[in-house]
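Computed from the coordinates by the stated procedures, all read-outs in this text should not be read as laboratory data. The structure presented is a predicted model; accordingly, all values stated were derived computationally and were not measured. Cβ placement follows ideal geometry from the backbone for every residue including glycine, while neighbour counts extend to all protein chains displayed.
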Amino acid sequence: MKKITLPITPEQIKDLKAGDRVLASGYLYTARDAAHKRMYELLQQGKSLPVELDGQTIYYVGAAPAKPGYAVGPCGPTSSYRMDKYTPSLLDLGLKVMIGKGRRSDEVIDSIKKNGAVYLAAIGGAAALIAKSITKAELICYEDLGTEAIYRYEVHDMPLIVAIDCYGGNVYARDFAK
Amino acid sequence: MSAREIKAGTITACVKKLFMDCNYFIGDDIMNAVCRAQKEETSGLAKDVLGQIIDNNKIAAAEEIPICQDTGMAVLFVEYGDKVVISEGSFEEAVEEGVRQAYTEGYLRKSVVSDPVFDRINTKDNTPAVIHTRIVKGDKIKITAGGKGFGSENMSAIKMLTPSAGVEGVKKFILDSVAYAGPNPCPPIVVGVGIGGTFEKAAQLAKKATLRSIDTPNGDERYAALERELLEEINKMDIGPAGLGGKTTALGVNIETYPTHIAGMPVAVNICCHACRHKECEI
């Protein structure tokens with residue numbers, strides 16, 4: 001089990017290999033479909049983003065509401081491929097870590113390699129367990145999107161698996177068709 | 001049999017409880033299957049993933065919080081007795097109110113948008129639900145409710161096979177659909193299959209199949225055997241828990257069928273993640 005801190009360092013990224021189990025601590029930003037679409041449209045218009053992504057981490061998640069006394073509601077990963085259309089532009093801006101689940105497109109994998117980034121997987125459907133590793137959630141922007149707003153999460157020992165490493169190693173590369 | 005009056009508020013309370021319960025408490029059929037699978041897996045990673053799922057489901061039940069943040073779009077199959085009269089309201093409004101109360105008061109995620117293409121504005125109470133109602137003989141209402149997450153819903157498929165495809169064609173389409181879905185629908189999955197009827201009937205049967213306990217095989221031994229065979233084949237694919245490899249790709253395959261046209265053999269595959277959430281009640 002490897003321990004990493006977020007924001008991650010280039011040295012830590014180089015040390016991560018597809019299949020490694022990781023515990024992540026530090027902070028990250030949440031964003032899923034609707035927030036990605038908005039950020040992508042801003043970039044297309046030549047505008048700057050509401051969050052500085054250089055060196056940062058995005059977790060693809062839309063949490064359930066927090067019960068009183070909880071920092072955050074259940075918050076497991078959503079399927080990453082829906083963000084593929086928007087991802088290479090964000091990686092070109094310096095985004096270094098993505099956390100989600102499931103396969104990525106060839107374009108995203110090429111961009112991960114080109115930009116020295118890494119894609120980590122959380123266990124889909126383990127949302128109540130994952131929430132135990134989020135110590136604080138702070139709304140950053142796009143409040144009108146509800147669960148799809150961008151939050152900053154402080155995380156402690158969040159359990160993850162390296163899905164696609166900076167060398168192109170990929171735990172999802174296997175073809176299951178007969 | 002004379003008419004029986006049921007108050008709208010009774011329907012609302014029942015629907016509210018169904019959606020809260022199904023999101024907090026995983027069924028024994030699923031939990032037992034995951035625990036069995038964890039013992040049988042040989043890879044450390046697969047054991048670890050299944051262990052996280054078991055811990056997660058225990059936390060959700062103990063703390064009464066959702067198993068998964070995607071608490072789904074509300075789907076209901078209703079058998080509505082033709083002698084039932086709803087007082088103090090109407091049936092569908094009572095159901096929608098139950099969904100609204102469950103999702104707003106039960107700390108469930110609101111995941112429904114008003115328009116699929118243009119506006120995509122969150123309705124903020126997870127309504128409307130998808131309600132399939134059949135009028136049946138009697139004076140009771142039976143409701144089967146499920147919160148359907150879209151990670152697995154998006155991996156579902158339908159194909160209008162024709163009769164010459166035979167059982168081999170049915171098997172191939174189901175296995176191809178599961179292989180194509182691969183790691184995306186949060187395996188280990190439950191595979192709901194609908195065969196027969198028309199285009200929309202097959203899809204509806206596949207959904208209904210995901211709401212049946214995986215411990216209850218199809219009543220026709222030929223289809224029960226097909227369920228077992230498909231489960232075995234799927235678990236040879238090595239997709240595994242979370243798509244990271246292993247013996248446990250599916251926990252169950254449930255098939256539902258309906259008579260069909262002389263020219264057709266529609267097959268629908270509705271995939272459900274391991275958080276296969278459904279409860280039922282009779283009023």
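Farthest towards the positive end of the charge dipole of chain B, among the residues B:ALA206, B:CYS35, B:LEU108, is the Cα of B:ALA206, using unit charges on the Cβ of Lys, Arg, Asp and Glu. Distance from the alpha carbon centroid of region A:37-108 to that of region B:104-166 works out to 26 angstrom.
Dividing the convex hull volume of the alpha carbon atoms of chain B by its residue count gives 137 Å³ per residue. Other protein chain C-beta atoms within 10 Å of residue C-beta, averaged over B:60-68: 6. Sorting A:104-115, B:260-271, B:191-202 by average packing, meaning the other beta carbons within 10 Å per residue, from highest down gives B:191-202, B:260-271, A:104-115.
Once the convex hull of the C-alpha atoms of region B:138-283 is built, how many Å³ does it hold per residue, rounded to a whole number?
That works out to 109 Å³ per residue.
Around the Cα centre of region A:2-164, unit charges on the Cβ atoms of Lys, Arg, Asp and Glu (plus for the first two, minus for the last two) sum to a dipole of about 420 debye. Inter-chain Cβ neighbour count for B:228-240, averaged per residue, equals 1 (cutoff 10 Å, partner chain atoms only). For region A:2-164, the calculated P(r), taken from all Cα-Cα distances in 10 Å bins from zero up to the bin holding the longest distance, is 11, 44, 37, 8, 0 percent. The value obtained for the protein assembly as shown, namely the Cα convex hull volume divided by the number of residues, is 147 Å³ per residue. Over the protein assembly as shown, dividing the summed -39,500 (n - 2.57) contributions of all DSSP H runs of at least 4 residues by the number of residues returns a 222 nm mean residue ellipticity of -10000 deg cm²/dmol. Note on region B:178-239: percent of Cα-Cα distances in each 5 Å bin, starting at 0 and stopping at the bin with the largest distance, equals 4, 16, 23, 26, 21, 9, 1. For region B:195-201, 3J(HN,Hα) computed residue by residue from phi via the Karplus equation (6.51, -1.76, 1.60; θ = phi - 60°) reads 10, x, x, 10, 3, 6, 5 Hz, glycine and proline entered as x. Sites listed here are chymotrypsin sites (Phe, Trp or Tyr not before Pro) in region B:58-120 whose DSSP assignment is loop and whose Cβ has at most 15 other Cβ atoms within 10 Å: B:PHE118.
Projecting the Cα atoms of A:ALA126, A:PRO50, A:ALA149 onto the charge dipole of chain A, computed from C-beta unit charges around the Cα centre, puts A:ALA126 farthest toward the positive end. Counted residue by residue at 0.36 nm each, then reduced by the alpha carbon distance between them, the extension gain from B:THR123 to B:THR42 reaches 24.7 nm. Within 10 Å of the Cβ of each residue in B:242-254, the mean number of Cβ atoms contributed by other protein chains is 3.
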